1. Out of the residues in the stretch 1-50 that are over 16 Å from L63 (Cβ atoms) and basic (K, R), which is surrounded by the fewest Cβ atoms within 10 Å (Cβ to Cβ)?
2. Pick out the one residue from A13, A21 that is touching an Asp or Glu at 6+ places or on another chain (Cβ under 9 Å) and in contact (Cβ under 8 Å) with a residue 12 or more places away in the chain.
3. Does any residue in the stretch 49-65 that is at pLDDT 95 or above come within less than 6 Å, Cβ to Cβ, of a residue that is not in a helix (DSSP H, G or I) six or more places away or on a different chain, and which pairs are these?
4. Would you check which residues across the stretch 28-42 are closer than 11 Å to N4 by Cα and out of contact with any Cys (no Cβ under 6 Å at 6 or more places or on another chain) and list them?
5. Is there any pair with a first residue in the stretch 26-45 that is farther than 15 Å from A64 by Cβ and modelled with pLDDT of 95 or more and a second that is among the charged types (D, E, K, R) and part of a loop (DSSP other than H, G, I, E, B) whose Cβ atoms are under 9 Å apart and which are 6 or more apart or on different chains, and what are they?
Amino acid sequence: MDPNATWLMLLQAMQSEDWRAVRDHAEDLVEWLDRSGFPPDTSSGIVTDPFWNKQMARFACKLAKSIARRRRRTTQP
């Protein structure tokens with residue numbers, strides 16, 4: 001898996017409000033990190049510390065999944 005590509009797909013899914021894709025990409029990225037995979041570049045190269053990027057990715061995935069759950073509930077018929 002390419003965590004940078006998954007990170008970008010997560011951000012694009014957020015932008016397009018594709019909540020199922022948000023959830024899927026967030027889960028994929030967290031699973032990757034749980035298996036000791038390297039973190040994505042969460043700040044476009046501004047902060048290169050791996051610990052920072054790992055923690056930012058984990059937090060962003062948790063937040064993205066929470067937003068996706070809330071938005072899917074409010075948009076369902």
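The values are calculated or read from the model by the stated rules, or taken from the named source; none is laboratory data. In this text, all values refer to a predicted model and were calculated from it rather than measured experimentally. Heads up, the Cβs are rebuilt from the backbone with ideal geometry, glycines too, and the neighbour counts pull from every protein chain shown.
1. My answer is R35.
2. Every option except A13 fails the conditions.
3. P50/P39; N53/P39; N53/T42; K54/P39; M56/T42; A57/P39; A57/P40; A57/T42
4. So the first thing to find is which residues in the stretch 28-42 are closer than 11 Å to N4 by Cα, and the list is 29, 38-42.
Those that are closer than 11 Å to N4 by Cα and out of contact with any Cys (no Cβ under 6 Å at 6 or more places or on another chain): F38, P39, P40, D41, T42.
5. Note: no pairs meet the criteria.
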